[in-house]
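Notes follow the structure.
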Amino acid sequence: MFQIPATRPTAKVLLLLLIALGASSCRDRSLNLNPHVPLVKTAKQQKVVPCDTKITADINTGGVDLDAAFLCENDTVTWQVQNRHSFHVKFDNGSPFQHGKSDFTENDASGTVKGQYDKLEVYKYTITVDSKKPVDPQVIGGGNP
């Protein structure tokens with residue numbers, strides 16, 4: 001019989017290595033205690049995000065209170081600004097709103113979000129408040145199964 005001399009610390013390290021390798025090899029396997037009942041895969045983890053329906057223009061910065069607004073299907077979204085101030089919202093590359101509505105002003109400040117998304121979509125837009133420099137926030141819609 002062939003023997004390799006080993007010190008106690010080396011043997012402990014090897015034993016711990018074997019235990020770690022054995023434990024990690026079962027990490028992706030599920031334990032099925034009843035082989036007659038099939039395992040069911042669970043859905044992806046989901047988090048609830050509140051829907052934004054009001055976006056307020058900031059007359060001091062020329063921007064908005066929400067740099068990324070979350071839109072929910074079929075909700076009505078309204079841009080707001082203080083009295084006697086003007087704004088113009090423009091979506092240049094697609095619109096999250098029904099009928100492709102892409103322009104909003106203080107006189108036409110609301111739009112209804114599309115009813116169905118195939119995937120999560122991000123829409124950048126520009127907003128100009130009074131005569132200030134345009135700002136480009138975004139809205140995010142979709143993501144529903």
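Descriptive notes on the structure:
- Entry remark, the stretch 90-132: residues being surrounded by 12 or more Cβ atoms within 10 Å (Cβ to Cβ), charged (D, E, K, R) and in contact with a strand residue (DSSP E or B) (Cβ under 8 Å, 6 or more places away or on another chain) number 8 in total.
- Of the residues making up the stretch 107-145, those that are over 13 Å from the mean Cα position of the chain (by Cα), basic (K, R) and assigned to a loop (DSSP other than H, G, I, E, B) are K114, K132, K133.
- Filtered residue count, the stretch 60-79, keeping only those that are part of a strand (DSSP E or B) and touching a Phe, Trp or Tyr at 6+ places or on another chain (Cβ under 9 Å): 5
- Candidate set from the stretch 94-135 (those that are farther than 25 Å from N83 by Cβ and among the acidic types (D, E)); member that is modelled with the lowest pLDDT: D118
The values are calculated or read from the model by the stated rules, or taken from the named source; none is laboratory data. Keep in mind the model is a prediction, meaning the values are calculated, not measured. FYI the Cβ positions are ideal-geometry reconstructions off the backbone, even for glycines, and counts take in every protein chain you see.
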